[in-house]
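Structure first, then comments.
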Amino acid sequence: MKKTVCKLFAVALAVCMLLTIAACNPDGNPIIQKALEARETNSWEVSSPDTSIKVSVGMDSAGSVYYSVNKDGVAVVDKSALGLDIREDDLNSLAFDKKTVRRITGSYSNITGKHSEVEYDAMELQLTFKSWKHTLDVYLRAYDDGYAFRYKLDSAGGGKTAKIDEEKSSFTIPTSSLVWRQVYKPYTDFTVIDALKNENLDTFAYERSSYDYIPASGILQNDQIAFPVLYRPDVNEDVYSLVTESAVVGSGFYGSILQAAAVGDDELRLQTVPTPAGSIEDDGYVSLPFTSPWRVGITGTLQTVVESELVEKVYDDAEYWKPDNYDELSDEEKEIYNYDWVDPDVCAWSWIVYRAADQKNFAIHKAYLDKAAEMGWKYLLLDGSWSAEYKIRGDSDKPEDSKSTGNFQEDGITKEGVPEDWDKFIEYANEKGIKIIVWGDALRTFGNGDYNVLCDVLDKWVAMGVAGVKLDFWDGERQLRDGHQIPTHRCEDSANMEWYETVYQECAKRKLLVNCHGCNKPTGERRVYPNVINREGIYGAEMNRNTATGTINQLFTRAVIGPSDFTPLVKPKGHQFTTGFMISLPILFEGMTTVGDTIVNLNYAPIQDLYKALPTARDDTRFLCGEPDEYFCAAVRAGDEWFIACVNGPVDIGSKTRKVTVDLSFLGEGTFDGYLYEDGPLGTDKRTTIIKTAASHTSADKLEIEVGESGGFVIHLKKKV
Amino acid sequence: MKKIKWIALLCVTILCLTFVFAGCIDPNAGNDDDDDKVITEKWWEDTGELSFNSEGKVKYSNITIKLATVVSGEDKDTFKSIIDDFNREYKGRIAIDSEDIGQANFESTVAQRISTKNKAPDLIMSHQKGHKYFVENKIIQPFSKDLMEQSKISIDMNDYSAGLSRYSSLGYKDELFSIPCDAQSMVVFYNKTLLEEIGKELPTNHQELLDVCQAFVERKGTSPIAWPAANQNNHWYNYVFTTAIMQNGGKLYDESTKKADWTSEPNKTAMTKAIQSIRDLVASEGVVKYAPFNDKTSDDSSQLEFVDNKALFYVYFPWRIESLESLYKTRNNVQDVTDIIGTTSVANWFAMDSSSADAGKIFVDSHFFAMSKLVTDVSKKAAIMEFIKWFTQRTDVCKKWASTGHITACKLVGDTDEYKNDAYCQRYLNNFYPDIDNLVSMGLTSHYNTVLSHIKTLGYETLSNTAADIESKLASIQKSFNDEIAMNK
């Protein structure tokens, strides 16, 4: 016993002596050197190329990782958690392994989007951490227009899968922040028939509510907020941040939202959590290595936010999708994956007036097809119930869906010259140069997510001459409402995100354009699937319950992150907008524009020239002026044509108009001629008329235009040759 | 010894039971049906202090008010727009965060949220009929008159419709629990061209209505009144049949017992007259009845009768004006209906005694505001009162709300030329509701579902079979009504 004690004493003494020597001469001792290195690298930082945005990362003594962001010294995100909790390991006590810093630059072209050419430039910090059995890489990027981060999880021991129990990514903001958000409120009451009433059978539709202002102090614990969310952290600073997610499709992960996890006197912590509505209750099983979606914070002035391409820039130099067997394809087949056939243009749409029963009526389709041809538009959309003759699953034959509000006589819809069957209709469309897009239920039409049924139906449609698809109800709403078999995946379940990708791919193979409705928000999929040319997930005209303020707020939030199929009319249905407001929207919302109304309204004389020229593919987008809750004014360029559009919300009490200053310095050299379209007095239909006035301007001009409450205007200019 | 133990045990048991029952007694209750209670023990709190700006007005700093509203139909976008207007005007001071909750579950959902303090609203805007339930379950708190005085935000019920504001105390003497905002009922559209064709004027009483109907039948051969009656999924009973009862001096329930008392006088006669007044229309002589009472009559079919120019009058909801006019234009290929479709009221239509003070009554649903018991901070309470005052007493706001068919309950607004001369009010609301003091609603019973379901049964059974004996129906349905009340107590 005594010997053992002595031995132990000797060892301890030796260790102490060694440590003492090392402390006096750290450079000579590799162990100590490594330990000191770890202590020195508990904090890291990455700045944007222009150094205005700084992302700071730290790791505390317990091994938890956190970050913060500031823009020009203004705190945008206070100390906020990073990381994942997984079932297979403890990732709360990480050990730092290494860091890598690199600059990422490049450019890409867009077929649709705010800009036809986009450059990206970011500093990326990659931090590698180790846990007992896994490695976790955290990628943090700083761009001049924001920041982004994501994770890569891998097994150190050959594990193939992991279950992510919780994502800790948070955004801590001051409670003095001003916030514009869409409340994420799943609902059951109207969607579920009595026999199925069940709290778990809920859904959430991004297209059923708008974006409202709330002070951060009014957000309560557990409140849920959809992506994207816009906030202004300091009312005295011209800094805004729009937070959302990107690259969800293809990640193997579910879609996320934010939940108020901790509400303090000064700070509000919003944590990224899985979207509650869906079929899969315990989601988050991933294959390893797993690369998470990006969490993106577009940051800067309102101009920076509105013009930003950050959601899609994080894809870097991603190529358009090609199938795995691409190399075995013929040259002709390979051509498909150049996506040159993606030819966006305006799409005429009758559903907003002529509902389900009438979607089987070739006379109506002919009338809208003729109008599309007259306007030089390239597409016509046949909406729900178009295919009763072909008995495609998913049609609605409910009487309440059949309430058309159109007037055949007024719209000149007659039987004269109407094609008598589908083949003749397609022949007629081809003669007129119009391509047909057809509606389907994203789940029900395809056997609730059956790959073989999907291929079978798409092949049938292609054989019928269809050029694109509008796929609706990815949220499974119709099944819940009608009591049909509930799909095993819907909304933003990981399996449904996979279904999105499957559909995009099969449509790409068949050169079909895709427009998603009843769907999630865009998360950059267009970078890989350019045939996905539009997306609802926005509270649009079809809902008929928008307000001017809500629509304006969507321009600062939802519309920033990707295409928006708002489906504007020419003349508004309700009383919340003027005609001037409506005709501004096809310009302000990008994506392949769908325009619907009665033929009479589509024929409205003052807007014919404008609507013949509506820009779909855009070269440039400039935010000119505006403010959330107030008004929005932007300019869009397509070739040598500029479209300046403005929508207004409220006016000051006692005033009838707001004066909007439009600085035309962006025009560049030369003179630009065109027209101003603005609200006039009410017509017999109780909607404002449009006054069209000739205009001629140069970049030296600064216009002051009075716009009324809920009003709008458009200026369409073309460079004088 | 054993005996003593048993006696001691018995005494202890009695004592325990006494304490238990004592604990069950609500210090503020007396008789649940008593509409003159006095609050002796508050179930809400007041915390904090008001602060004031240099103008002596309450200073608010980023107060968010969670508002739960029952407004979720075609009027939702206008309501939202009004909220946006308030938020803009009060930005940085007060923000309203509104959430709409469907009518079917509104009371139970809101009560549960407040009871469990989970997603609880601060302010409620819902139909008056549900507010007695809220106060009986101590879900809401009164608006403090002291706080009104201190904050100088005064809301005086004398400035509101007499017919509606009488419910504001919810049965608590001198308390203000519930503030009326607006009212709506089924209203009357008529075809001006057809009325002129038959050479008649708009009826001003029941007999004149019958005369107009007779003239129409003789001239046109179709039913002059289109309404979605009989269909049991329908609101006709909630608005039209109840209006008929009110106009004949009837009472849906006894205000002190909350039970139906339809078989003793004078209510028995009043109820009988109400039923008879509708029988005059649905069981008129001749093959073509003045108004249908048919299970198959739906909203759509009755609307088509009117828009296809077969009916002279159409009794329907005011917030569907736009869709009605749009459908008329479509089906008749006209651009403007101003000279074709007119508006009038059900006032006096059913009163068998046109000279009665009740003749002009209209039974309505009315939105009222009430404050959750969970609001404690006095600045927030003041902010809530500020918002209510803004919503109910600002003429521009009331005009905007009127455009969805909701007439103001506030006389400070309703009596102004600005409001009365508003184009929408002139064309519609002034005609729909000639006198807001004549608007009546469910009143102070928490058993409103029982009331409405039994009124529906009474209406259906006495009108689908116009030979049915009214007296026996009154008795049998009253019994069912009162049995249900007893079961729910």
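The values are calculated or read from the model by the stated rules, or taken from the named source; none is laboratory data. As the structure is a prediction and not an experimental result, all values here were calculated from the model. Quick reminder, even Gly has a Cβ in these numbers, built from the backbone with ideal geometry, and neighbours come from all protein chains shown.
Quick grid of which residues meet (1) away from chain B (no Cβ under 14 Å); (2) within 23 Å of A:G250 (Cα to Cα):
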position: A:Y539; (1), (2): no, no
position: A:A548; (1), (2): no, no
position: A:R558; (1), (2): yes, yes
position: A:G562; (1), (2): yes, yes
position: A:P572; (1), (2): no, no
position: A:H575; (1), (2): no, no
position: A:G580; (1), (2): yes, no
position: A:L585; (1), (2): yes, no
position: A:V595; (1), (2): yes, no
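Which one is farthest from A:L614 (Cα to Cα), of the residues in the range A:628-647 that are among the small types (G, A, S) and either surrounded by 24 or more Cβ atoms within 10 Å (Cβ to Cβ) or within 14 Å of chain B (Cβ to nearest Cβ) (or both)?
Ranking the candidates gives A:A634 first.
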- When A:L329 is run through (1) at pLDDT below 90; (2) among the aliphatic types (A, V, I, L, M); (3) not assigned by TED's automatic domain parsing to the domain that holds A:K432, the failure sits at (1)
- Subset of the range B:155-200 [surrounded by fewer than 23 Cβ atoms within 10 Å (Cβ to Cβ) and of a type in the set (D, E, K, R)]: B:D156, B:D159, B:R166, B:K173, B:D174, B:E175, B:K192, B:E196, B:E197, B:K200
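Of all residues in the range A:363-389 being small (G, A, S) and within 30 Å of the chain's Cα centre (by Cα), which is modelled with the lowest pLDDT?
A:S387
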- Query: If we keep just the residues of the range B:341-361 that are within 15 Å of B:K192 (Cα to Cα) and either within 14 Å of chain A (Cβ to nearest Cβ) or assigned to a loop (DSSP other than H, G, I, E, B) (or both), which is modelled with the lowest pLDDT?
  - Reply: B:S345
- Flagged in the range B:129-143 as outside any helix (DSSP H, G or I) and more than 18 Å from B:D174 (Cα to Cα), in numbering order, are B:N137, B:I139
- Query: Exactly one of (1) farther than 30 Å from B:I340 by Cβ; (2) surrounded by 17 or more Cβ atoms within 10 Å (Cβ to Cβ) is unmet by B:D254. Its number?
  - Reply: (2)
- Residue list for the range B:84-107, filter: more than 7 Å from every other protein chain (Cβ to nearest Cβ) and either touching a Phe, Trp or Tyr at 6+ places or on another chain (Cβ under 9 Å) or in contact (Cβ under 8 Å) with a residue 60 or more places away in the chain (or both): B:F86, B:E89, B:Y90, B:K91, B:G92, B:R93, B:I94, B:I96, B:S98, B:D100, B:E107
- Those residues of the range A:507-529 which are surrounded by fewer than 24 Cβ atoms within 10 Å (Cβ to Cβ) and out of contact with any strand residue (DSSP E or B) (no Cβ under 8 Å at 6 or more places or on another chain), in sequence order: A:K509, A:R510, A:K511, A:V528
- Message: I'd like to know if the range B:64-73 contains one or more residues that are free of Cβ contacts under 8 Å to residues at least 12 places away in the same chain and closer than 22 Å to B:D182 by Cβ.
- Response: no
- Item | Selection from the range A:427-467 of residues that are under 25 Å from the mean Cα position of the chain (by Cα), among the small types (G, A, S) and on the phi > 0 side of the Ramachandran plot | A:G449
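Can you pull out the strands (runs of 3 or more DSSP E) entirely within the range A:566-662 that have at least 1 residues that are in contact with a Pro (Cβ under 9 Å, 6 or more places away or on another chain)?
It comes to A:594-596, A:631-638, A:641-648.
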- Restrict the check to the range A:472-494 and report whether at least one residue is of a type in the set (G, A, S) and crowded, with 24+ Cβ neighbours inside 10 Å. yes
- Does B:S446 fit the bill of being touching a strand residue (DSSP E or B) at 6+ places or on another chain (Cβ under 8 Å) and more than 14 Å from every other protein chain (Cβ to nearest Cβ)? no
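Of the residues B:T416, B:T392, B:T338, which is away from chain A (no Cβ under 14 Å) and over 19 Å from the mean Cα position of the chain (by Cα)?
The conditions single out B:T416.
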- Note on the structure: Note on A:T105: of the conditions (1) loosely packed, with under 15 Cβ neighbours inside 10 Å; (2) assigned to a loop (DSSP other than H, G, I, E, B); (3) at pLDDT 95 or above, unmet is (2)
- Find the residue count for the range B:457-476, including only residues that are surrounded by 20 or more Cβ atoms within 10 Å (Cβ to Cβ) and closer than 30 Å to B:N137 by Cα. 1
- Mind counting the residues in the range B:146-184 that are assigned to a loop (DSSP other than H, G, I, E, B) and among the aromatic types (F, W, Y)? 2
- Note on the structure: B:K361 vs (1) surrounded by 23 or more Cβ atoms within 10 Å (Cβ to Cβ); (2) within 30 Å of B:E386 (Cβ to Cβ): all pass except (2)
- Message: I'm checking my understanding of the structure. Among residues of the range B:312-333 that are among the hydrophobic types (A, V, I, L, M, F, W, C), over 23 Å from B:A274 (Cα atoms) and more than 10 Å from every other protein chain (Cβ to nearest Cβ), which one is surrounded by the fewest Cβ atoms within 10 Å (Cβ to Cβ)?
- Response: B:W319
- For the range A:56-63, indicate whether the set of residues that are in the same structural domain as A:G297 (by TED's automatic domain parsing), buried (at least 19 other Cβ atoms within 10 Å of the Cβ), modelled with pLDDT of 95 or more and within 20 Å of A:R150 (Cα to Cα) is non-empty. yes
- Counting only residues that are facing chain A (nearest Cβ under 10 Å) and more than 21 Å from the chain's Cα centre (by Cα), which one in the range B:108-121 is farthest from B:F368 (Cα to Cα)? B:N118
- Query: Can you spot a residue in the range B:66-77 that is over 17 Å from B:R394 (Cβ atoms), β-branched (V, I, T), more than 8 Å from chain A (Cβ to nearest Cβ) and not in a loop (DSSP other than H, G, I, E, B)?
  - Reply: yes
- Note on the structure: Counting only residues that are modelled with pLDDT under 90 and either on the phi > 0 side of the Ramachandran plot or under 19 Å from the mean Cα position of the chain (by Cα) (or both), the range A:278-299 contains a total of 1
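Can you find a residue in the range A:191-205 that is at pLDDT 95 or above and not hydrophobic (A, V, I, L, M, F, W, C)?
No, there is no match, as no residue in the range A:191-205 is at pLDDT 95 or above and not hydrophobic (A, V, I, L, M, F, W, C).
If only one of A:I257, A:I214 is of a type in the set (V, I, T), within 14 Å of chain B (Cβ to nearest Cβ) and either outside any loop (DSSP other than H, G, I, E, B) or in contact with a helix residue (DSSP H, G or I) (Cβ under 9 Å, 6 or more places away or on another chain) (or both), which one is it?
A:I214 is the lone residue from the list that is of a type in the set (V, I, T), within 14 Å of chain B (Cβ to nearest Cβ) and either outside any loop (DSSP other than H, G, I, E, B) or in contact with a helix residue (DSSP H, G or I) (Cβ under 9 Å, 6 or more places away or on another chain) (or both).
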- Quick one: which of B:T263, B:T269 is assigned to a loop (DSSP other than H, G, I, E, B), modelled with pLDDT of 95 or more and more than 18 Å from B:G163 (Cβ to Cβ)? B:T263
